[in-house]
Amino acid sequence: MKKNLILTGMMGVGKSTIARLLATKLDRKFLDVDNLIEKNEKTSIKKIFETNGEDFFRNLEKKTTLQILKKNNVIIALGGGAFINQVIRNKVLATCISFWLDMKVTELNKRLNLTNKANKRPLLLKKNYNDLDKIYNKRKKIYNLANFRINCDKLKKEEIVRKILNIYENL
Ligand code: S3P
């Protein structure tokens, strides 16, 4: 039985992309919690926030994430706020190998393209660089509780995957 590998970190850092690549390399299943929530609810995260609010979403996120964490042998991309929840975090820390994909806010800001009207991330709707910086600064101490921090600044996705695999294979 192999422990799950968990990716956490800010919106836009590439958790889902990296998790998918890792899963291919390790020949394991990849699960994206946000995708599963959208599948289960038959609607988008954005719509869930609009219709039912953030607290409702956080409850769904907690329920779905804890359900997924019962599995073994999988690679999981968490939603950006999931690790902030103490119950989810404690479960992850007790049972999985976790990686914080970290990236400078200036870089995240470029990738998230906040002025784009098609922004799918409800927390960033009509928000700017300073808002993103605030979220990052509030969360970074908590993300830092993950087992490993990967500084993704200036790294290509293949290099990020290699770093994670290198850590994992030397455990
Ligand atoms: C959130 C991140 C999103 C999604 C929701 C809230 C957050 O996931 O769960 O919009 O609080 O950081 P991604 O990190 O995959 O964008």
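Taking every DSSP bridge with both residues inside the chain, close to 0 percent are antiparallel. Near the amide H of V74, within less than 5 Å, lie the amide hydrogens of N4, L5, all on another chain or at least 5 residues away, with H placed in the peptide plane.
Please give the direction-averaged projected area of the C-alpha convex hull for the range 1-135, in square nanometres with one decimal.
Working: hull surface 32.9 nm².
The Cα convex hull of the range 1-135, projected and averaged over all directions, gives 8.2 nm².
Ignoring lysines fewer than eight residues from K3 along the same chain, the ones with Cα atoms less than 22 angstrom from its Cα are K15, K25, K29, K62, K63, K70, K71, K91, K163. Net charge of the neighbourhood of I48, taken over other residues with C-beta under 15 Å away and scored Lys/Arg +1, Asp/Glu -1, is +2. Annotation: amide H-H contacts under 5 Å for S98 (H modelled 1.01 Å from N, sequence separation of 5 or more, or interchain): I6, N147, F148.
Bear in mind these aren't lab numbers, they're just calculated from the coordinates by the rules spelled out. This one's a predicted model, so the numbers in the text were calculated from it and none came from an experiment. For neighbour counting, all protein chains shown are included, and Cβ atoms are generated from backbone atoms with ideal geometry for every residue, glycine included.
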